Amino acid sequence: MKHALALAAALAALTPFAAQAQFAKPEDAIKYRQAAFSLMGTHFGRIGAMVNGRIPYDAAGATANANLVVTLSKLPGAAFPAGSEAGGNTRAKPEIWKDTAKFTAAYEKMVSAVGALPAAAGNPDQLKTAFGAAAATCKGCHDDFRRD
């Protein structure tokens, strides 16, 4: 079981690099990152529903969703290659490509913040704190790099 988990983790870590090489057209990158963000948002929203009392807190469910959010958070980063700022139905702002260092820092901050969710998932108060910190990184990126 440990070997299977290690293999899955290694594949997840390499997925962004493999994905970037597969974008034949800008639209491919746009669709990929939108799908990754959509899935991440779904699982993050399930945690948010627990944190905000809309559904009962469930440690196992929180942990499962937190682990998925961590994995999914690593996927969209590879889907912002040069040329994918246009060519499809994207809400990405040009600032992503104009100030790549700022975007990369914001993205890495989000990945780091969601990385704290699994360890916090077993305690409702800790989960609420970790969720708030992660949500703030999401909002910051949306404010700076996404058209609404």
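Quick note: the coordinates plus some simple rules give every number you see, no bench work behind them. Note that this is a predicted model, so its numbers are computed, not measured. Glycine also receives a Cβ, built like all others from the backbone with ideal geometry; neighbour counts cover every protein chain displayed.
Things worth noting here:
- Each label was represented as a point 7 Å from its Cα along the Cα-to-Cβ direction; for Lys109 and Ile55 these points are 2.9 nm apart.
- Against the main long axis of the alpha-carbon atoms of the chain, helix 2-21 sits at an angle near 30°.
- Distances between placed amide hydrogens fall under 5 Å for Ala92 paired with Arg147, all partners being 5 or more residues away or on another chain.
- Table column - 3J(HN,Hα) (Hz), the stretch 35-49, Karplus curve with 6.51, -1.76, 1.60, x for Gly and Pro: 5, 4, 5, 5, 4, 4, x, 4, 6, 5, x, 5, 5, x, 4
- Lys, Arg +1 and Asp, Glu -1 on Cβ, resulting dipole of the chain about Cα centre, debye, nearest 20: 100 debye
- Kirkwood hydrodynamic radius (C-alpha pairs) into Stokes-Einstein, the chain, 25 °C and 0.890 mPa s, D in µm²/s: 153 µm²/s
- ³J(HN,Hα), Karplus 6.51/-1.76/1.60, whole Hz, each residue of the stretch 56-66, x for Gly, Pro: x, 5, 9, 4, 5, x, 4, 5, 4, 5, 4
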